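Novice: Would you mind keeping the following structure in view while I ask a few things?
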Amino acid sequence: MVSQAFEEISPADFFYRNREIAGFTNPSRAIFAAIRELVENSLDASESAEVPPDVFVSLTLNEEGRPELETYKLRVEDNGSGITSRHIPSAFGQVLFGSKYKLKQARGTFGLGGTMAVLYGQITTHKPAYIVSSTGSTKVYIYRIMIDIQKNKPIILERRVLINKEEWRGTIIEFFLEGDYFRAMPKILEYLKQTALVNPYANITFVDPKGRLYRFTRVTTKMPLPPKETLPHPYGVDVETVKRLIRVTPNRNMTDFMKTHFHRVSEKIALKFLEFAAIPRGRNPKKMGPQEIVQLVRMIKSFEEFRPPSANCLSPLGKDLLKAGILKELKPEYTVVCQRKPSTYAGHPFIVETAIAYGGEIPKKGEFILYRFANRIPLLYDEASDVSFRAIKNMNWRRYKVSQDMPLAILVHICSTKIPYKTVGKEFIADRPEVKKEVLNGIREAARLLQRFLSKREHVEKEKHRLSVFSKYLPKIARFSTELAGRESQPDINKLLESVNTSEGTAKR
Ligand SMILES: Nc1ncnc2c1ncn2[C@@H]1O[C@H](COP(=O)(O)OP(=O)(O)O)[C@@H](O)[C@H]1O
Ligand SMILES: [Mg+2]
């Protein structure tokens with residue numbers, strides 16, 4: 001008999017062994033991912049405190065690095081919500097620990113990103129992370145921590161408390177990591193620019209290892225309405241969720257149970273559903289057996305009259321802010337923006353926003369430039385696998401009189417309580433049919449608006465040309481005909497010019 005040794009590993013250990021699935025593939029990707037995760041945490045934190053974000057990022061070269069690989073000190077500071085003292089060590093020292101498991105739109109998903117950055121720093125430099133945070137109370141907390149990767153627990157090396165004289169609120173995180181900034185630089189700068197585009201109410205400052213300062217300044221202090229936490233939608237639940245709800249419910253009958261725990265289920269709909277599912281209204285959910293629960297979920301999925309989820313758990317950017325961001329960062333000649341109505345896939349609500357920017361500083365690339373965003377973060381890798389890329393490829397652009405050699409940038413922003421990412425590294429969005437349809441319709445809508453603009457402009461150009469022909473030749477014709485007729489004074493051509501001008505006005509209307 002062969003004896004096998006079994007062992008169990010912690011979540012931190014799992015991500016330590018498989019760090020590429022969280023985006024920490026190589027020194028260049030790692031430094032990009034670390035900056036990105038921390039900036040996203042800062043933006044989430046400022047938005048949850050409902051203040052326009054001020055984010056400072058600095059990356060400095062640390063001399064002690066291995067000769068073949070540089071090590072850097074990364075520092076990110078924000079004016080966000082801050083973290084309560086007792087949660088600071090776990091927020092950055094425990095994988096899968098976070099405050100964003102709620103059902104509402106956020107950039108972070110499952111307590112991984114920031115912690116992964118710290119973990120990567122630790123395994124490449126063996127140095128602790130330094131965190132300063134205050135929720136705006138009378139105290140500021142300072143921690144130095146490391147991660148016990150095998151136990152998935154923070155190790156607190158130092159804890160200090162200072163008096164918060166200036167009523168400062170926010171978080172500073174500082175740690176060392178190995179990386180290749182110069183290879184990652186184009187992507188990092190592109191990331192910051194696109195982040196500034198899709199968060200036009202944020203100030204983002206970056207000082208790079210050469211001491212160069214990049215500043216992205218807000219153009220507005222108006223922020224999108226914050227998302228509200230929501231209940232699970234019936235079409236989005238499975239047996240496990242229903243079992244958990246039954247465990248915690250105070251309700252003793254199915255009507256109340258359906259009303260209390262599911263999104264947009266009114267008394268009327270609850271009763272209709274129970275009748276449809278042949279479940280007695282007064283049935284006590286706590287007494288349901290496993291088979292009954294499975295059947296309940298099956299019936300929920302096949303009942304067609306649950307109302308679509310409301311979108312107040314989402315926080316789209318809105319047309320004005322999207323336009324402001326595009327004008328600020330891309331400086332086009334013209335831009336059109338659209339927002340689709342809320343839709344759902346598998347019970348998860350989502351909204352698609354699209355835009356097309358034209359001319360100005362948009363370069364002619366010989367192909368469309370695509371900017372992809374999800375929950376107000378830019379997606380920069382794996383473009384060809386993304387749903388928006390495929391949608392653009394499949395469109396018949398000739399219908400819109402648009403061609404690849406025009407200076408065009410297409411923007412697609414998807415926001416949802418659950419973005420259908422294909423990887424935990426949040427790089428590209430899967431082809432869910434419902435999502436694909438909305439993306440396609442959104443781009444079509446923008447293309448139609450652009451087409452209208454282009455044909456209007458074409459018309460104006462033609463008219464301008466026509467007028468210039470008139471104004472060039474009419475004086476000559478007037479002169480010749482006066483001479484031919486042997487008259488002294490020339491006729492007044494201004495009236496004639498005016499009348500062609502008016503006809504332009506009529507045509508325009
Ligand atoms: N800059 C910050 N300000 C406030 N809270 C933060 C900040 N960074 C991280 N956190 C807290 O730490 C938790 C873990 O962060 P992270 O590992 O990036 O996971 P996620 O963002 O997916 O939740 C977050 O859920 C949040 O509660
Ligand atoms: Mg995060």
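Novice: Residues that are farther than 25 Å from residue 110 by Cβ: which strands (runs of 3 or more DSSP E) entirely in segment 350-437 hold 1 or more of them?
Specialist: Per the criteria, 369-374, 408-416.
Novice: Would you check if there is a residue in segment 59-72 being within 15 Å of ligand 1 (Cβ to nearest atom) and β-branched (Val, Ile, Thr)?
Specialist: Checked segment 59-72: no residue is within 15 Å of ligand 1 (Cβ to nearest atom) and β-branched (Val, Ile, Thr).
Novice: Can you spot a residue in segment 55-70 that is of a type in the set (D, E, K, R), touching a residue at least 12 places away in the same chain (Cβ under 8 Å) and touching a Leu at 6+ places or on another chain (Cβ under 7 Å)? Full working, then the answer.
Specialist: Residues of segment 55-70 of a type in the set (D, E, K, R): 63-64, 66, 68, 70.
Those left that are additionally touching a residue at least 12 places away in the same chain (Cβ under 8 Å): 66, 70.
Narrowing further to those that are touching a Leu at 6+ places or on another chain (Cβ under 7 Å): 70.
Yes.
Novice: State the number of residues belonging to segment 80-108 that are open to solvent by 10 Å² or more (accessible area, probe 1.4 Å) and within 9 Å of ligand 1 (Cβ to nearest atom).
Specialist: 16
Novice: Taking into account only those residues within segment 109-134 that are surrounded by fewer than 19 Cβ atoms within 10 Å (Cβ to Cβ) and among the β-branched types (Val, Ile, Thr), which is nearest to ligand 1 (Cβ to nearest atom)?
Specialist: In this case the residue turns out to be 109.
Novice: Return only the number of the condition from (1) touching a residue at least 12 places away in the same chain (Cβ under 8 Å); (2) in a helix (DSSP H, G or I) that residue 309 does not satisfy.
Specialist: Here residue 309 clears every test but (2).
Novice: Let me ask something else about it. For residues in segment 353-389 being more than 11 Å from the chain's Cα centre (by Cα) and among the β-branched types (Val, Ile, Thr), which is surrounded by the fewest Cβ atoms within 10 Å (Cβ to Cβ)?
Specialist: Out of the qualifying residues, it is 369.
Novice: Looking at 307, 298, which one is open to solvent by 40 Å² or more (accessible area, probe 1.4 Å) and modelled with pLDDT of 95 or more? Explain how you work it out, then say what you get.
Specialist: Values: 307 fails: modelled with pLDDT of 95 or more.
Matching residue, one of 307, 298: 298.
Novice: Still on this structure, please answer the following. What pairs come out if I take residues in segment 388-400 that are outside the structural domain of residue 422 (by TED's automatic domain parsing) and pair them with residues that are of a type in the set (S, T, N, Q) and open to solvent by less than 20 Å² (accessible area, probe 1.4 Å) whose C-beta lies under 7 Å away, six or more apart or interchain?
Specialist: Taking only residues 6 or more apart or on different chains, not a single pair turns up.
Novice: Here's a follow-up. Checking the conditions here, which among 75, 86 is farther than 25 Å from residue 207 by Cβ, of a type in the set (Lys, Arg) and modelled with pLDDT of 95 or more? Lay out the reasoning, then the answer.
Specialist: Numbers: 75 fails: farther than 25 Å from residue 207 by Cβ.
Result of the check over 75, 86: 86.
Novice: Can you find a residue that is basic (Lys, Arg), surrounded by 14 or more Cβ atoms within 10 Å (Cβ to Cβ) and assigned to a loop (DSSP other than H, G, I, E, B) anywhere in segment 462-474?
Specialist: no
Novice: Just wondering, is there one or more residues in segment 19-33 that are touching a strand residue (DSSP E or B) at 6+ places or on another chain (Cβ under 6 Å), over 23 Å from residue 132 (Cβ atoms) and more than 12 Å from ligand 1 (Cβ to nearest atom)?
Specialist: First, pick out the residues of segment 19-33 that are touching a strand residue (DSSP E or B) at 6+ places or on another chain (Cβ under 6 Å): 27, 30-31.
Those left that are additionally over 23 Å from residue 132 (Cβ atoms): 27, 30.
Filter again for more than 12 Å from ligand 1 (Cβ to nearest atom), leaving 27, 30.
Yes, segment 19-33 contains at least one residue that is touching a strand residue (DSSP E or B) at 6+ places or on another chain (Cβ under 6 Å), over 23 Å from residue 132 (Cβ atoms) and more than 12 Å from ligand 1 (Cβ to nearest atom).
Novice: While we're on this one: In segment 19-77, how many are basic (Lys, Arg) and away from ligand 2 (no atom under 16 Å from the Cβ)?
Specialist: Counting residues in segment 19-77 that are basic (Lys, Arg) and away from ligand 2 (no atom under 16 Å from the Cβ) gives 4.
The values are calculated or read from the model by the stated rules, or taken from the named source; none is laboratory data. Quick caveat, the model's predicted, so the values are computed rather than measured. Cβ coordinates were reconstructed from backbone atoms using ideal geometry, including for glycine residues, and neighbour counts include every protein chain displayed. Ligands, DNA and RNA are stripped out before the accessible areas are found, and what is left, the full protein with its side chains, is counted by its heavy atoms. Shrake-Rupley method; radii C 1.70, N 1.55, O 1.52, S 1.80 Å.
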